[in-house]
Each structure stands twice: as C-alpha cells, then as structure tokens.
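Asks: Below you will find the structure I want to go over with you.
The values are calculated or read from the model by the stated rules, or taken from the named source; none is laboratory data. What you see is a predicted model; the values in this text were computed from it and never measured. When we count neighbours, we look across all protein chains shown, and the Cβ atoms used for this are built from the backbone with ideal geometry, even at glycine. Ligands, DNA and RNA are excluded from the accessible area calculation, which covers all protein heavy atoms including side chains. Shrake-Rupley method; radii C 1.70, N 1.55, O 1.52, S 1.80 Å.
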Amino acid sequence: MITLSRYPLERLLDLQQQKERIRQLELALAERERQRRESSLAAMEMKLIEELAAPVHPELLEHRARFTVALHGKIRSTREHLQAQTEACHQARDLLLKARMNKKKYETHKDSHQAEVRLREQRITQASQDEAASQQFLRRQEVYVDED
C-alpha cells in the first residue's frame, strides 16, 4: 500500500493559501468601497443636473449659486477619492496576483514532491516484489534439485 509522506513545506503552503484569502478579501473590500464612491459621485452629479435644470425663484438665486458651488467642490473631492480608491483596487489586485503566484509555486513543488515520493515508493514496492519472486523462484529450484 502506498502511503505518501507528508509534504515538508505544508505549513508554508497553508500560509500562502491564507495570504491569498486575505488578499482576496482586501480586494473585495477595496472594490466595494470604490463602487460606493462611484455611486455617490453619480448621485451627486445627478443632483447637480436636476438642480441646474429646475426653475428657481429669483430670491433664491444666491442660495442656489452657493449650493451648486459647494456641490461642485464635493463632486471634485469625490472624484479625487474615487481615483485614489481605483488605484487602491489596482494595488490590491496586484498583491492578490502575487499571492496567487507564490501559492502556485508551492502547489507545483508539492505536486512534484508527491510524484517523487510515489515513484520512490513504487520502486521500493517493486524491489520487494522482485525479491519475493526471486526467493520463491529459488525455493522452487531447491525443491526441483532435491527431487533429482
């Protein structure tokens, strides 16, 4: 029966898998925040369009002007934050890719190690079977020699 020996770098592989899961979570959080900011920006832009399209009473023109200037500033700030968040998503994606590549290296090494162990164990099994067959053959030869 073939029993594979434990992969000596199993703990490191587990660590790489854990790092990959963490990077996936970080990317998901960064992407969620980017989408939130994008939705917020779209809502502000829609509000500005609606505000500028709506008729205004002449007494409220000054208030409307201050509101639209403030909203423009808020939109500009949100765009900057969105750009920064988009960059954070790119960085998180790059870190995830690196984590996956590191994990893949260990998985490939583990597969190679297991193949070597299987081959070694097959050779040992074959050698044992060859030895048993050889012993059985010699015993038969002795029986035939004793009969003569």
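Asks: Give me the one-decimal nm value for the distance between modelled label points at Ser134 and Leu71, 7 Å along each residue's Cα-to-Cβ direction.
Replies: 9.2
Asks: 222 nm [θ] for the chain, helices only, -39500 (n - 2.57) per DSSP H run of 4+, per residue, to 500?
Replies: Result for the chain: -33500 deg cm²/dmol, rounded to the nearest 500.
Asks: Let me ask something additional. Starting from the Cα of Lys47, draw a straight line to each of the lysines and keep only those under 27 Å, dropping any in the same chain fewer than 8 residues away.
Replies: Partners within reach: Lys74.
Asks: Let me ask something else. Just tell me which lysines come within less than 23 Å, Cα to Cα, of Lys105; anything on the same chain fewer than 8 places away is out.
Replies: Straight-line reach from Lys105, under 23 Å: Lys19.
Asks: What distance in nm lies between label points placed 7 Å from Cα along the C-beta direction at Val143 and Ala53?
Replies: That separation, rounded to one decimal, is 10.1 nm.
Asks: Now a separate question. How much length would be gained if the chain were fully extended between His81 and Gln17, taking 0.36 nm per residue of separation minus their Cα-Cα distance, in nm to one decimal?
Replies: Full extension from His81 to Gln17 adds 19.9 nm.
Asks: How far, in degrees from 0 to 90, does helix 10-53 lean away from the longest principal axis of the Cα atoms of the chain, to the nearest 10?
Replies: Computed tilt is about 20 degrees.
Asks: Return one number: the angle in degrees, 0 to 90 and rounded to the nearest 10, between the long axis of the Cα atoms of helix 61-147 and the longest principal axis of the Cα atoms of the chain.
Replies: 0
Asks: Also: Above 21 Å lies some portion of the pair distances; for the chain, what is it as a whole percent of all C-alpha pairs?
Replies: 71
Asks: Take the Cα of Glu45, step 7 Å along the line toward its Cβ, and report every residue of segment 51-85 whose backbone nitrogen sits under 18 Å from that point.
Replies: 51-53, 68-85
Asks: Take the Cα atoms of segment 43-93, build their convex hull, and give its volume per residue in Å³.
Replies: Hull volume over Cα atoms, normalised by residue count, gives 54 Å³.
Asks: What is the distance, in nm, between label points placed 7 Å from the Cα along the Cα-to-Cβ direction at Lys104 and at Ile124?
Replies: 3.3
Asks: Still on this structure, please answer the following. So how much accessible area does Asp111 have, in Å² to the nearest 10, using a 1.4 Å probe?
Replies: 90
Asks: Something else: With a 1.4 Å probe and every protein chain left in place, work out the accessible area per residue of segment 1-67 in Å², rounded to a whole number.
Replies: Counting only protein heavy atoms, the per-residue value for segment 1-67 is 78 Å².
Asks: Further, regarding this structure: Quick one: pull the percent of accessible area on segment 64-148 belonging to carbon and sulfur, 1.4 Å probe, ligands and nucleic acids left out.
Replies: C and S atoms contribute 53 percent here.
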